[in-house]
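The structure appears below as structure tokens.
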Amino acid sequence: MAEDRWIYLNGELVPKAEARVSVFDHGFLYGDGIFEGIRVYGGRVFKLDEHLRRLYESAKAILLDIPLDPAAMKAAVLDTTRKNGLADAYIRLVVSRGPGDLGLDPRRCTTPTVLIIVDEVALYPPKVYQEGLELASVSIRRMSPETINPAIKSLNYLNNILAKIEANQRGLAEVLMLNQQGWVVEGTGDNVFIVKDGELITPPPYVGILNGITRQVVMQLAREMGLPCREAIFNLFDVYNADECFLTGTAAEIVPAVRCDGRQIGSGQPGAITLRLTEAFQRYARSEGTPVWGTEPVRA
Ligand code: PXG
């Protein structure tokens, strides 16, 4: 991480070394807050409005009043990206409940903390895209929507981190999480698709997933390419016996998966449909987005 980064913190752009939040911030004490991870491709912020929409929906679900309206937040994101001078970047937007006391009660937190970090993107090594990932299913189950709805991109990621630890213990980069009923839901930080008989299938939001922006883009591109695509529940049997499998996420984009729990998926190589979608996604990501430059900085 470069030392000369500028961080947006509560309405100001401050040098990274001076960007500090309180130890009483409930984002830190309780994971009480929400976030977004957004990509910048060639000086354009990819699907910024969609990410902002999801941020405000997450905020609404946890009764968190973001002190900026979406237009001001959009300006803050663009301004921070511009200030950091990165044409290709990863943006982390965080809104926490803010500083309070040692009790849980969010009413003690009067001012939410808003911060925006713009940094280089951490990508999977190229080998992963060429050869495909090995996956495993993990023992920890994804939280059901009746607990903390996975649709909320909350700062409380312990559920996913416990799955990530299982991945680490097995030497795997990503794993599949199941819900309480045993349906496949998603990875620790990616959505999942399978391809069977030319048709794309991805779990519907109600099984308990983050409704990924990349997931939505892939479904749209598939339909434009004339590939049938539907949301349906499936289990590990369906993953093992799929023709192709891939994961989608902001950082990862589209990653082929070629093994799961010791079973080879399809040919054991990244599939033809996965590769076609990857190509279409690459083209689309570089042709769409909100320009970072060529707009005047809007600052409070
Ligand atoms: N599911 C979960 C649980 C996620 O956290 C996705 C799916 C994919 O969503 P998008 O909108 O990115 O297509 C995510 C992505 C990172 C990182 O640095 C990404 C996520 C969370 C934490 C870190 O890549 N979210």
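The values are calculated or read from the model by the stated rules, or taken from the named source; none is laboratory data. No experiment lies behind these values; they were computed from the predicted model shown. Every residue, glycine as well, gets a Cβ built from its backbone with ideal geometry; the counts of neighbours run over all protein chains shown. Areas reflect the complete protein model, heavy atoms only, side chains present, ligands, DNA and RNA absent. Shrake-Rupley method; radii C 1.70, N 1.55, O 1.52, S 1.80 Å.
A few comments on the model shown:
- DSSP-defined beta bridges in the chain - what % are antiparallel, rounded to 5: 85 percent
- Solution diffusion estimate, µm²/s, Stokes-Einstein, the stretch 187-300, Kirkwood Rh from C-alpha pairs, 25 °C, viscosity 0.890 mPa s: 163 µm²/s
- At a probe radius of 1.4 angstrom, the accessible area of the stretch 6-119 per residue rounds to 46 square angstrom.
- Positive minus negative residues near Gly289 (Lys, Arg vs Asp, Glu; Cβ under 9 Å): +3
- Relative to the longest principal axis of the Cα atoms of the chain, the long axis of helix 213-224 lies at roughly 50 degrees.
- Choice from Val23, Val258, Val239 with maximal GNM fluctuation in the chain (Cα, 10 Å cutoff): Val23
- Expressed as a whole percent, the accessible area of the stretch 6-119 that falls on carbon and sulfur atoms is 56 (1.4 Å probe).
- The chain: radius of gyration and largest Cα-Cα distance (Dmax), Å: 19.5, 56
- The chain: most fluctuating residue of Glu36, Glu18, Glu253 per GNM, C-alpha cutoff 10 Å: Glu18
- Charge tally in the Cβ shell below 11 Å around Gly266, where Lys, Arg are +1 and Asp, Glu are -1, Gly266 excluded: +1
- Evaluated with a Cβ-only charge set (Lys, Arg +1; Asp, Glu -1), the stretch 126-285 carries a dipole of roughly 220 debye about its Cα centre, given to the nearest 20.
- On Cα atoms only, tilt of 48-61 relative to the major axis of the chain in degrees: 80 degrees
- Gaussian network model of the chain, Cα within-10 Å springs - most flexible of Phe237, Phe246, Phe193: Phe237
- Nearest-ten-degree value, helix 158-169 long axis tilted from longest Cα axis of the chain: 50 degrees
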